[in-house]
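Okay, so here's the structure we're looking at.
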2 protein chains.
Amino acid sequence: MTSYSTSEENYIKAIYHLQGEEGMVTTNELSAELKTRPASVTDMLKKLKAKKLLNYEKYQGFRLSAEGRKVALGIIRRHRLWEFFLSEKLKFSWDEVHEVAEQLEHVTSKKLIDKLDEYLGFPRFDPHGDPIPDQHGKIATHERVSITVIPLNQSMEVCHVGNQAPDMLDILKHNNISIGTRLEVRKKFAFDNSLEIKIGRQQPFILSNEVARHIWVKKIERS
Amino acid sequence: MTSYSTSEENYIKAIYHLQGEEGMVTTNELSAELKTRPASVTDMLKKLKAKKLLNYEKYQGFRLSAEGRKVALGIIRRHRLWEFFLSEKLKFSWDEVHEVAEQLEHVTSKKLIDKLDEYLGFPRFDPHGDPIPDQHGKIATHERVSITVIPLNQSMEVCHVGNQAPDMLDILKHNNISIGTRLEVRKKFAFDNSLEIKIGRQQPFILSNEVARHIWVKKIERS
DNA sequence: TCATTAATTTAGCCTTGTCTAAAATATTTT
DNA sequence: AAAATATTTTAGACAAGGCTAAATTAATGA
């Protein structure tokens, strides 16, 4: 099994996140994402291309090759399993897990990760609601939608937060929103697209569209 | 909190292990331990000296400063807690934990380590019977473990027998086991948890788990 | 379309940690 | 005690991964 440096892994992961289903990634985007100068990014792109992880032509943008995506999924698997472990077992709060998982994800031992997976009970979603790829890179999907588009007065479960910025987390914390929270939208204000949200028996409160669009929910699974 | 590169940490740890209570370490010894050329070792020694982790004069050998020992104990703490975790929770076998812990030990998050410690129940000895330094670098003095949990093929010294029943003593006598006897476990039979024991050049023999769990050993103290 | 601006790449330099070859210092042998 | 040998250090090089400044290519707008 080939393995990659921490730096290479960080590039691969960032590219994976930036490229959607179809789109190309640009040098500047990646530079911004990694907080690394564009010139350094170009250097690494050449290296990743040489290793056949990247489809890249100068000045033309780039995306991961099939092999590159496979590698990316492996890294993401490690990251999310560690996040799950930190949150579930070590009782880290869900806004603290990312930074530590960022380091743990670079420990490459297939056995470690597979045993950790087993120990955790093969979780399919991490504490942020993102799916955890399995050994074969397969990722579960659940039907999730942003709360900006759900029908009024229908209770849904928060399953994903699409923005990890501290200010964002601050707002969520302030309003008692976390993964698993059940909420409903009571009213949509057309003027600024803000939403009135209600959680259980708490007093309803307002979320701006800026915030709301990053909060994703799914149907409540009855058991 | 100052932190150190993976490479620096590996040097510090190796020096800690090589220097006993009193002795000086030589460049060649360290070079052999780390499988790194002596010239490279010299370079790193200069760097560690500049960071005041080392008492070092050229051609004279070296040892860790007080600060260096503190750093070493932190690394060892991380290493041994991870070994404990791998063995206890993830069910890694003995010979597999070291290599993985070697990587995990370089993840530096005080919070991670302290929470892991708590999660594991503040273990004082790792699976090899080596003491785990606490948050303050304090290490428990050598303690004993049952031979049911020691690694294979590692010679240990019997220091306690937890059952004084005549039938027990009969078995011990029959197999030439007494306090101070040095023995090693050659094989563990998962079916009934019995152990194959070897003492010196004698023929190996079997002990049932019933008996074995009452026999306690400690590390052989090197003088 | 042609000039200006923005994005990207190249060129050259720096740091970390490694190496080899050669020089300096210690140690051992005779 | 001098010669031979072993150990350690210095000098100079290299790869990885970053940076700045300058050059090149692409995109935009008059």
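Here, each number is a calculation from the coordinates, and none is a lab measurement. Quick caveat, the model's predicted, so the values are computed rather than measured. Neighbour counts run over all protein chains shown; Cβ positions are idealised from the backbone, glycine included.
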Spin-label pair A:Glu210/A:Lys89, simplified geometry with 7 Å Cα→Cβ offset, distance in nm:
3.9 nm
What number in nm² do you get for the range A:92-223 if you take the convex hull of its Cα atoms and divide its surface by four?
9.4 nm²
Considering the dipole of the protein assembly as shown built from charges on the beta carbon (Lys and Arg +1, Asp and Glu -1) around the Cα centre, which of B:Val107, B:Ser7, B:Ile197 is farthest to its positive end?
B:Ser7
Quick one, what does Rg over Rh come out to for chain B if you take C-alpha atoms and the Kirkwood Rh?
1.04
Among B:Glu105, B:Glu57, what is the fewest-to-most ranking by other Cβ atoms within 10 Å?
B:Glu57, B:Glu105
Computed magnitude of the charge dipole of the range A:6-46 (debye, nearest 20; Cβ of K, R +1, Cβ of D, E -1)
200 debye
Given Cβ point charges of +1 (Lys, Arg) and -1 (Asp, Glu) and nothing else, what value in debye, to the nearest 20, does the dipole of the protein assembly as shown about its Cα centre take?
440 debye
To the nearest 0.05, what FRET efficiency results for B:Phe189 and B:Glu22 with a Förster distance of 41 Å applied to their C-beta separation?
0.40
Computed FRET value (nearest 0.05) for A:Asn153 with A:Tyr119, which takes r as the C-beta separation and R₀ as 35 Å:
0.30
Helix-only estimate, please: 222 nm mean residue ellipticity of chain A, summing -39500 (n - 2.57) across DSSP H runs of length 4 or more and dividing by its residues, to the nearest 500.
-12000 deg cm²/dmol
If the chain between A:Ala140 and A:His174 were fully extended at 0.36 nm per residue, the gain over the current Cα-Cα distance would be 9.2 nm
Compactness of the range A:163-223 as Cα Rg over 2.2 N^0.38 Å, two decimals:
1.13
Along the positive direction of the dipole of the range B:171-223 (beta-carbon charges: Lys, Arg +1; Asp, Glu -1; about the Cα centre), which of B:Ile177, B:Ser208, B:Ile220 reaches farthest?
B:Ile220
Return one quarter of the surface area of the convex hull spanned by the alpha-carbon atoms of the protein assembly as shown, equal to its mean projected area, in nm².
29.8 nm²
For the range B:120-223, size of Cβ-based charge dipole, Lys and Arg +1, Asp and Glu -1, in debye
280 debye
